[in-house]
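To keep things clear, I will list the structure first and then write my remarks on it.
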């Protein structure tokens, strides 16, 4: 049961009954809310209905509140109603209502908190999308965990979610990767390569790639033409790096539903199928080429050209000269006519070039085509998870989606700020394996996936994050992931122990009998129920805001409240969960903590963290 929706709908009906001529449209546009008051002394729920509906009702807010209050007092489960300030209506609910709510939570079981607000809307969440030039580093980790948790959250809220990875397998970085692999290939053939030249990828992770090519092809590529050799090295490297990246992500239990190749955007249908047939490239990186062309409206054109043609048909492409960049212009900057997209018509700061001076498409042109493909594949909602260094792409990309879809699709770009690795307060910077960064694999191997996932979500995505190896592994209440998992494990321990004290009891039916929950009288017990009653609302609000960190905050608060009740039992034996001399009280309290266990497990499932049964 979503108590907020329940009471909000009843208050809406009351407003329509008491305020003559009030329409659904007026209520929907009013901004009417039902919230938990900041101060518990003000009650359990508070609505601004009288304040925001005073104008269409033609009265003063307090007068409207006084009209509504008597009917609201008659709602089942309402203990008292007070009018506060300029016209807020505060409701206090009865202890019996909260106990009945606990019974409903237990009856819903694992389904509790799931929502249908998404109504099956197709959502594409693109996250990680690291350049396939090496293993995942810690900078990618935060976006990977954020995107994965957001996908789970939105599925819980009833959206049809596709987890997608955009493979940046075209452009200058892939050319550098091909050169770097060719160097390792020569090394595998016995050549002394010396120091890795500046500008190439120095990490040891490319050594196995070179060795694998030698094992398969011997020295044939030494005599091949430069173009053919470079393309082969690039293909082999990208496929090897994608396998490495997928393995890295699997250590965090992250698996995407689909992969999308940037290279396909530059290829015509005929050329793309040739690449797949001759090289097996697209299947090697995990891209479903057949599904792409099934959704592609003009397979004889490249996807980039098709997207640009769409913009041009809408009068959004022109030839012009841009102003120099703000600040100190690059040394190679010169004013020249360029193909430009009218991004400023859709909220961007400047119009954006689509072609380089060489005649090649810009990276942004490919990005436009990629997002157009999402729309062609039926996604009306798109969410991109970007790293801290991609903030400049937000306005231009949202402008492109608005222009291409004529406002029929939405794009929300979430920026994940930097992660600073610490060890006992000192910053960790380097990794032997990668050459110049700390890998995701190294972090997960040291502290485990649960600690990584929870801590990456225990701060809002747009705020910098410090990740201290010592703090995330210590077993104390100062370590949030330990504190939450410990609450779940403690409950599991109580459930094991109660079967020894009362072996004849049917604990599967706990809390379902009439009056079985009446012994729950303590204010802290009722407070736990109130908190759990807000779980469905939390799922919906976090999903609507695309903010999975709210789930981490919620479950930590719930765990803290449980530990507080546990500690009170240590001080006062009559408040313990198991009372050997009172089956009825024990039954009710076991029902309470079983519900807490269930909600903690539900929240941790969204976060991708294991709800452990024993702490070791």
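Nothing in this text is a laboratory measurement; each read-out follows from the coordinates by a stated rule. Here the structure is a predicted model, which is why all the values come from computation and not from measurement. Note that we place each Cβ from the backbone using ideal geometry, even for glycine, and neighbour counts take in every protein chain shown.
What order, most packed first, do the peptides 24-33, 594-603 have when packing is the mean number of other Cβ atoms within 10 Å of each residue? Don't skip to the end; give the middle numbers.
Details: 24-33: 13.7, 594-603: 22.6.
Put in order of decreasing packing, that is 594-603, 24-33.
Write down the percent of antiparallel bridges among all DSSP beta bridges whose residues are both part of the chain, to the nearest 5.
45 percent
Once the Cα-Cα distance is subtracted from the 0.36 nm per residue extended length, the residue 601 to residue 521 segment shows a gain of 26.3 nm.
Label-to-label distance for residue 293 and residue 572 is 7.4 nm, based on points extended 7 Å past Cα in the beta-carbon direction. Taking 0.36 nm per residue of separation and subtracting the current Cα-Cα distance, fully stretching the chain between residue 580 and residue 18 would add 197.0 nm. Cβ crowding within 10 Å ranks 472, 609 as 472, 609, fewest other Cβ atoms first. Assign one of three labels to region 210-292, namely rounded, prolate or oblate, based on the Cα gyration tensor with a ≥ b ≥ c the square roots of its eigenvalues; rounded applies when a/c is under 1.5, prolate when it is not and a/b is larger than b/c, and oblate otherwise. Because a/c hits 1.5 or more and a/b fails to exceed b/c, region 210-292 counts as oblate. Relative to the longest principal axis of the Cα atoms of the chain, the long axis of helix 172-188 makes an angle of roughly 70 degrees.
For the Cα atoms of the chain, what angle does the longest principal axis make with the long axis of helix 480-501, in degrees from 0 to 90, nearest 10? Tilt of helix 480-501: around 50 degrees. Taking the average, over residues, of other Cβ atoms within 10 Å as the packing measure, peptides 281-287, 443-449 rank 281-287, 443-449 from highest down. Taking the inverse of the mean 1/r over every pair of distinct Cα atoms in region 127-182 gives a Kirkwood hydrodynamic radius of 13.0 Å. Each residue, residue 228 and residue 76, gets one label point 7 Å from its Cα in the Cβ direction; the gap between the two is 8.0 nm. Relative to one another, the C-alpha centroids of region 436-511 and region 96-138 are positioned 18 Å apart.
Using only Cα atoms, tell me the angle between helix 95-108 and the longest principal axis of the chain; keep it within 0 to 90° and round to the nearest 10. Helix 95-108 sits roughly 40 degrees off the main axis of the chain. Anisotropy class assigned to region 71-145 is prolate, per the alpha carbon gyration tensor with a/c at or over the 1.5 cut-off and a/b larger than b/c. Once you sort the root eigenvalues of the Cα gyration tensor of region 3-93 as a ≥ b ≥ c, which label holds: rounded (a/c under 1.5), prolate (a/b larger than b/c) or oblate (the other case)? Prolate, since a/c reaches 1.5 and a/b exceeds b/c. Between the beta carbons of residue 204 and residue 323, assuming R0 = 41 Å, the FRET efficiency works out to 0.35 to the nearest 0.05.
The alpha-carbon atoms of region 181-249, seen along their principal axes, cover 37, 25, 21 angstrom, with the largest extent given first.
Put a dot 7 Å past the Cα of residue 176, heading toward its Cβ, do the same for residue 462, and the two dots end up 3.0 nm apart. Full extension of the chain between residue 350 and residue 271 yields a length gain of 25.0 nm, computed as 0.36 nm times the residue separation minus the alpha carbon distance.
Measure out, as a whole number of angstrom, how far apart the alpha-carbon centroids of region 170-225 and region 346-407 sit. Each part's Cα centre sits 33 Å from the other's.
Peptides 366-376, 345-355 ranked from most to least packed, by the mean per-residue count of other Cβ atoms within 10 Å: 366-376, 345-355.
Between residue 412 and residue 116, what FRET efficiency comes out of the Förster formula 1/(1 + (r/R0)^6) with R0 = 25 Å and r the beta carbon distance, rounded to 0.05? Approximately 0.75, to the nearest 0.05. For q values of 0.19 Å⁻¹, compute log₁₀ I(q)/I(0) with the Debye formula on a Cα-only model of region 480-607, without solvent. Debye curve over Cα of region 480-607, log10 I(q)/I(0) at q = 0.19 Å⁻¹: -1.06.
For 73, 99, which order do you get if you count the other beta carbons within 10 Å of each Cβ and list the fewest first?
Least to most surrounded, the residues fall as 73, 99.
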